[in-house]
1. Going through Ser133, Ser128 one at a time, which residue ends up being surrounded by 13 or more Cβ atoms within 10 Å (Cβ to Cβ), at pLDDT below 95 and either of a type in the set (A, V, I, L, M) or within 20 Å of the chain's Cα centre (by Cα) (or both)?
2. Which one of these is touching a His at 6+ places or on another chain (Cβ under 7 Å), in contact (Cβ under 8 Å) with a residue 40 or more places away in the chain and within 27 Å of Asn105 (Cβ to Cβ): Glu93, Glu69?
3. Restricting to the stretch 34-67, name every residue that is assigned to a strand (DSSP E or B) and more than 16 Å from His10 (Cβ to Cβ).
4. Could you list, in sequence order, all residues of the stretch 60-80 that are of a type in the set (Val, Ile, Thr) and modelled with pLDDT of 95 or more?
5. Of the residues that sit in the stretch 10-48 and are of a type in the set (Lys, Arg) and open to solvent by less than 50 Å² (accessible area, probe 1.4 Å), which one is modelled with the lowest pLDDT?
6. Among the residues of the stretch 136-161 satisfying the criterion of being assigned to a helix (DSSP H, G or I) and closer than 11 Å to Ala176 by Cα, which is most open to solvent (accessible area, probe 1.4 Å)?
7. Quick check on the stretch 12-25. Is at least one of its residues under 22 Å from Cys89 (Cβ atoms) and touching a strand residue (DSSP E or B) at 6+ places or on another chain (Cβ under 7 Å)?
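The values are calculated or read from the model by the stated rules, or taken from the named source; none is laboratory data. Just so it is clear, the structure is predicted and the values come from calculations on it, not from any experiment. Cβ placement follows ideal geometry from the backbone for every residue including glycine, while neighbour counts extend to all protein chains displayed. Ligands, DNA and RNA are stripped out before the accessible areas are found, and what is left, the full protein with its side chains, is counted by its heavy atoms. Shrake-Rupley method; radii C 1.70, N 1.55, O 1.52, S 1.80 Å.
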Amino acid sequence: MIKLGVNIDHIATIRNARGGIHPDPIYAAKYATQIGADSITIHLREDRRHINDYDVKKICKNKIKVNLEISLNNKIINIALKNKPSFVCIVPENRKEITTEGGLNLKNNLKKLEEIIKKFKAAKIRTSLFINSSLNDIRLAKKLNVDCIEIHTGTLANLVKSKKNYSKELNRIKKASRLASSLKIEV
C-alpha cells in the first residue's frame with residue numbers, strides 16, 4: 001500500500017532564514033495530516049539548519065505520525081529516543097550538502113548501526129535506513145534487522161534531468177526494491 005509522507009523541513013528553513021516564528025512547521029505538520037498526509041518527515045540535522053529540537057518535541061507530541069530523519073550522531077540519537085517519533089530513518093549527513101547526496105555506508109558503519117537499531121527496537125520505534133540501490137546494501141540491511149529502507153534516487157534524478165539514459169539506474173532500483181520486498185523489508 002502506498003502512503004503519503006510530507007517533508008516539511010523547508011518550511012523551517014524559510015522560518016529560520018527570516019529569523020521569526022513564521023511559517024510555523026508545527027502548523028504545517030498538523031495541516032498536512034488534516035488534509036490526508038499519512039505521516040510527516042522532518043530531518044533534525046546536526047547543524048539545525050531546518051527543524052530544531054523544539055520543533056521535534058512539539059511535532060512528536062501532537063499525535064502525528066512522524067518520520068524523523070537523523071544522522072549517526074549520539075546527541076541526535078538521544079533526542080530521537082527521548083521524543084519517540086513513530087519512525088526513524090538513519091541518513092548520512094555532510095555539512096556542505098544541500099540535500100542528502102547518497103546512501104549510508106553500511107559496511108563502514110555496521111557495528112554502530114547495530115547498536116543504534118537495537119536501541120530504537122527496544123524503544124519500539126520503527127527504524128529505516130537511507131541506502132544506495134545496491135543488492136549488497138539490501139542484504140546488510142536485512143542483517144541489521146531494519147523494518148524499512150529508503151533508496152537514494154539522486155543518481156536517477158540527475159540522469160533524467162540531464163536527459164541521459166536512465167534505464168540502467170532505474171533497473172538497479174527496481175532490483176533492489178524487489179530483493180528488499182522478498183526479504184520482508186518495507187521499501
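1. Of Ser133, Ser128, the one residue that is surrounded by 13 or more Cβ atoms within 10 Å (Cβ to Cβ), at pLDDT below 95 and either of a type in the set (A, V, I, L, M) or within 20 Å of the chain's Cα centre (by Cα) (or both) is Ser133.
2. Exactly one of Glu93, Glu69 is touching a His at 6+ places or on another chain (Cβ under 7 Å), in contact (Cβ under 8 Å) with a residue 40 or more places away in the chain and within 27 Å of Asn105 (Cβ to Cβ), namely Glu69.
3. Ser39, Val66
4. Of everything in the stretch 60-80, those that are of a type in the set (Val, Ile, Thr) and modelled with pLDDT of 95 or more turn out to be Val66, Ile70, Ile76, Ile77, Ile79.
5. Out of the qualifying residues, it is Arg45.
6. Per the criteria, the residue is Arg139.
7. Scanning the stretch 12-25, I find no residue that is under 22 Å from Cys89 (Cβ atoms) and touching a strand residue (DSSP E or B) at 6+ places or on another chain (Cβ under 7 Å), so the answer is no.
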